[in-house]
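The values are calculated or read from the model by the stated rules, or taken from the named source; none is laboratory data. Predicted model, so just to flag it, every value in this text is computed and none were measured. So basically every Cβ, Gly included, is an ideal-geometry build from the backbone, and we count neighbours across all protein chains shown.
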Amino acid sequence: MPDAASAALTSSAPQGFLGIAAAAPSGAAQFLLYGFVALLVAGTLVRIWLASRQMRHVAMHRGAVPAPFDTQVPLEAHQRAADYTIVKTRLSLPETAFGTAVVVCWTLLGGLDALNRALAAWLGGGMPQQLALLACFGAIGALLDLPFALYRTFGVEARFGFNKTSARLWLADACKSLVVAVAIGLPIAWLILWLMGTAGTGWWLWAWGAWVGFNLLLMVVYPTLIAPLFNRFEALSDETLRARVSGLMARCGFRAQGFYVMDGSRRSAHANAYFTGFGAAKRVVFYDTLLARLSPDEVDAVLAHELGHFRHRHIQKRMLAMFALSLGAFALLGWLSGQSWFYLGLGVRPNLAAPNDALALILFMLVLPVAGFFLSPLLARGSRRDEFQADAFAVAQTSRTDLASALRKLYEDNASTLTPDPAFVRFYYSHPPASERLARIATA
C-alpha cells in the first residue's frame with residue numbers, strides 16, 4: 001500500500017473506530033504485504049507441483065495393477081481409477097490458479113475495499129452494511145466457484161459414471177443450500193459482529209464461545225432438520241442386517257438413535273457409511289449404494305471401522321483440537337482487527353467513523369487459508385493415523401478378510417487410484433492409500 005494511503009488515513013482522524021491506531025507504521029503494513037505475497041505464491045507453486053507429481057505418478061503406473069491387487073482388481077478398473085484421478089487432479093490446476101487470482105483481486109487489487117466503500121455509501125456504516133458486506137462476499141465467491149462446481153458434477157463425475165443428479169435436482173439443492181446458509185449464517189454473523197462491537201477488547205472470547213455453542217447445536221439439529229432437506233432417510237428395513245449391526249454395536253458398547261438408509265444413489269454412485277449427530281442423537285447412516293454393493297459381513301466390518309473412531313475418541317479429540325485452534329484464531333483476530341496495518345497491508349482502507357468488524361472477518365478468512373495451507377501435512381498425518389487405529393479396531397471386532405474385501409470394493413467403486421504419488425499422499429490424504437491400508441490390515 002503506498003505511503004500516501006497511510007498518510008491519508010492518519011490525517012483524517014487521530015484514532016479510528018474501536019480504537020484502531022491511526023499512526024500505523026508503514027513498515028508493518030509492508031511486512032504483512034510481502035509476507036502475504038510470499039505465502040500465497042509459495043502455496044500456489046506447491047499445489048501445482050504436487051498436482052503435477054500426482055498426475056505423472058498415476059500415469060506412469062496406469063499400465064499394470066500393482067501387487068498385491070493384481071489378482072483381485074481388474075486392469076480395466078485400475079485404469080479407470082487412474083484416468084479419474086488424473087482428470088480430477090488436472091482440474092485442480094486451473095482451480096488453483098483462479099483461486100489465487102481471486103484472493104489477489106479481493107485484497108491487493110482493491111476488490112474488497114471497493115465493495116466496502118460502495119456498500120457504505122449505500123447503507124451507511126452500521127450493522128446492515130456489515131451484514132451486506134459479508135453476504136455479498138459470500139455470494140460473489142459462490143458465483144465465481146459455480147463454473148468449476150458445474151463442470152465437476154456434470155463433466156468429470158458424469159464422464160466416469162458417478163453423477164446421478166439431474167440439472168433440476170442440482171438447482172433445487174442449490175436453492176435449499178442458499179436458504180439454509182441465510183437462515184443459519186446471518187444470525188451467527190450478526191451475533192459475532194454484535195459482540196465485536198459491544199463486548200470490548202475481550203469480544204473474541206465471547207465470540208469464540210458463541211461459535212462453539214453454535215457448532216454443538218448444529219451437530220444436534222443437522223440429522224433431523226437439515227439433512228432431510230436434501231436426502232430421504234428411511235429406517236433400515238432389512239431385519240437380518242439390522243439385527244447384525246445392532247449386535248455388533250452392543251458387543252462394542254455403543255448405542256445409536258437408529259439405523260437409516262440414505263438415498264445417495266439419487267445424486268452419485270459413490271458409496272459410504274457414517275455416524276451423524278451428537279450424544280443421544282447419534283445415528284448410523286448407510287448409503288443405499290453401499291448396501292447394494294457389500295455383503296452383510298462386509299457391512300459389519302465397515303460399521304466396526306466407524307465404531308473404532310468412537311472407541312478411540314477420535315471425534316471428540318478432533319472437536320477439541322478444532323475448538324482449541326479456533327480459540328487461537330479468534331484471539332489473533334481480536335488483536336489484528338485493531339491494527340490499521342492489517343487492513344492497509346492487504347489493500348483495504350479501514351473505516352474511520354464506522355466499524356471495521358466485517359472487513360476484519362473477511363480479511364482474516366482470506367489470509368488464514370493462505371498461511372494454514374502449510375499445516376495440511378500435519379493434519380493429514382493425524383487423520384491417517386486415526387484411520388489405521390479404526391481399522392485395527394474393526395479387525396478385532398469382525399474379520400480382517402471382510403474389512404479388506406469391503407475396502408477393495410469401495411476403492412474400486414469410488415475409482416480411488418491404487419498408485420498415488422507419495423508426496424501428494426503425505427500432504428493431502430486424510431485416509432491412507434489402499435496399498436498401505438490393506439497391508440496394515442493383513443498384519444493387524
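Against the criterion of being under 18 Å from Gly308 (Cβ atoms) and either at pLDDT 90 or above or not in a helix (DSSP H, G or I) (or both), Ala392 qualifies. Within region 27-55, no residue that is more than 20 Å from Ala423 (Cα to Cα) and among the polar types (S, T, N, Q) sits with its Cβ atom under 9 Å from a residue that is at pLDDT 95 or above and surrounded by 15 or more Cβ atoms within 10 Å (Cβ to Cβ) at 6+ positions apart or across chains. Within region 211-227, take every residue that is farther than 18 Å from Ala256 by Cα and of a type in the set (Val, Ile, Thr) and give me the one that is surrounded by the fewest Cβ atoms within 10 Å (Cβ to Cβ). Filtering region 211-227 for residues that are farther than 18 Å from Ala256 by Cα and of a type in the set (Val, Ile, Thr), the one surrounded by the fewest Cβ atoms within 10 Å (Cβ to Cβ) comes out as Ile226. When Val87 is tested against (1) buried (at least 19 other Cβ atoms within 10 Å of the Cβ); (2) at pLDDT 90 or above; (3) β-branched (Val, Ile, Thr), only condition (1) is not met.
Among the residues of region 90-104, just one is small (Gly, Ala, Ser), surrounded by 15 or more Cβ atoms within 10 Å (Cβ to Cβ) and out of contact with any helix residue (DSSP H, G or I) (no Cβ under 6 Å at 6 or more places or on another chain), namely Gly99. Of the listed requirements (1) of a type in the set (A, V, I, L, M); (2) more than 24 Å from the chain's Cα centre (by Cα); (3) closer than 28 Å to Leu375 by Cα, Ala292 misses just one: (3). Pairing residues of region 251-264 that are farther than 11 Å from Phe275 by Cβ and touching a residue at least 40 places away in the same chain (Cβ under 8 Å) with residues that are small (Gly, Ala, Ser) and surrounded by 15 or more Cβ atoms within 10 Å (Cβ to Cβ), at Cβ distances under 8 Å and at least 6 apart in sequence or on separate chains, gives Cys252/Ala304. The listed residues are Thr417, Thr401, and the only one of them that is of a type in the set (S, T, N, Q) and either part of a loop (DSSP other than H, G, I, E, B) or in contact with a Pro (Cβ under 8 Å, 6 or more places away or on another chain) (or both) turns out to be Thr417. Of the residues in region 229-240, at least one is part of a helix (DSSP H, G or I), at pLDDT below 95 and under 22 Å from the mean Cα position of the chain (by Cα). Considering only residues in region 342-365 that are part of a helix (DSSP H, G or I) and either polar (S, T, N, Q) or in contact with a Phe, Trp or Tyr (Cβ under 8 Å, 6 or more places away or on another chain) (or both), the one that is surrounded by the fewest Cβ atoms within 10 Å (Cβ to Cβ) turns out to be Ile362.
Pairs only if they're at least six apart or on different chains, beta carbon under 8 angstrom, first in region 206-235 and touching a residue at least 24 places away in the same chain (Cβ under 8 Å), second among the acidic types (Asp, Glu) and in a helix (DSSP H, G or I); list them, first residue then second. Between residues of region 206-235 that are touching a residue at least 24 places away in the same chain (Cβ under 8 Å) and residues that are among the acidic types (Asp, Glu) and in a helix (DSSP H, G or I), the close pairs are Phe230/Asp173.
What do you reckon, is Phe275 under 30 Å from Val104 (Cα atoms), touching a helix residue (DSSP H, G or I) at 6+ places or on another chain (Cβ under 8 Å) and surrounded by fewer than 22 Cβ atoms within 10 Å (Cβ to Cβ)? No. Restricting to region 397-420, and then to whatever is under 25 Å from Ala158 (Cα atoms) and acidic (Asp, Glu), can you tell me which residue is surrounded by the fewest Cβ atoms within 10 Å (Cβ to Cβ)? The selected residue is Asp413.
Being within 30 Å of Leu33 (Cα to Cα), surrounded by fewer than 16 Cβ atoms within 10 Å (Cβ to Cβ), among the aliphatic types (A, V, I, L, M) and at pLDDT 95 or above, is that true of even one residue in region 121-138? No, there is no match, as no residue in region 121-138 is within 30 Å of Leu33 (Cα to Cα), surrounded by fewer than 16 Cβ atoms within 10 Å (Cβ to Cβ), among the aliphatic types (A, V, I, L, M) and at pLDDT 95 or above. Output yes when any residue across region 274-282 is at positive phi and in a helix (DSSP H, G or I), and no when none is. Looking for residues that are at positive phi and in a helix (DSSP H, G or I), one finds at least one in region 274-282, hence yes. Taking region 228-251 as the range and being surrounded by 14 or more Cβ atoms within 10 Å (Cβ to Cβ) and out of contact with any strand residue (DSSP E or B) (no Cβ under 7 Å at 6 or more places or on another chain) as the test, the residues that pass are Phe230, Asp238, Leu241, Arg244, Ser246, Leu248, Met249. Are any residues in region 283-314 surrounded by fewer than 18 Cβ atoms within 10 Å (Cβ to Cβ) and part of a loop (DSSP other than H, G, I, E, B), and if so, which ones? Selection gives Ser295, His312, Arg313. In the condition set (1) aliphatic (A, V, I, L, M); (2) surrounded by 14 or more Cβ atoms within 10 Å (Cβ to Cβ); (3) closer than 28 Å to Ala210 by Cα, Ala183 is compliant with all but (2). For region 236-250, the set of residues classified as without any contact (Cβ under 8 Å) to a residue 40 or more places away in the chain and hydroxyl-bearing (Ser, Thr, Tyr) consists of Ser237, Ser246, listed by residue number. The combined condition, being closer than 30 Å to Arg267 by Cβ and loosely packed, with under 15 Cβ neighbours inside 10 Å, is fulfilled by Ala174. Among the conditions (1) charged (D, E, K, R); (2) in contact with a Phe, Trp or Tyr (Cβ under 9 Å, 6 or more places away or on another chain); (3) more than 26 Å from Val46 (Cβ to Cβ); (4) surrounded by fewer than 20 Cβ atoms within 10 Å (Cβ to Cβ), the only one that Arg384 does not satisfy is (3).
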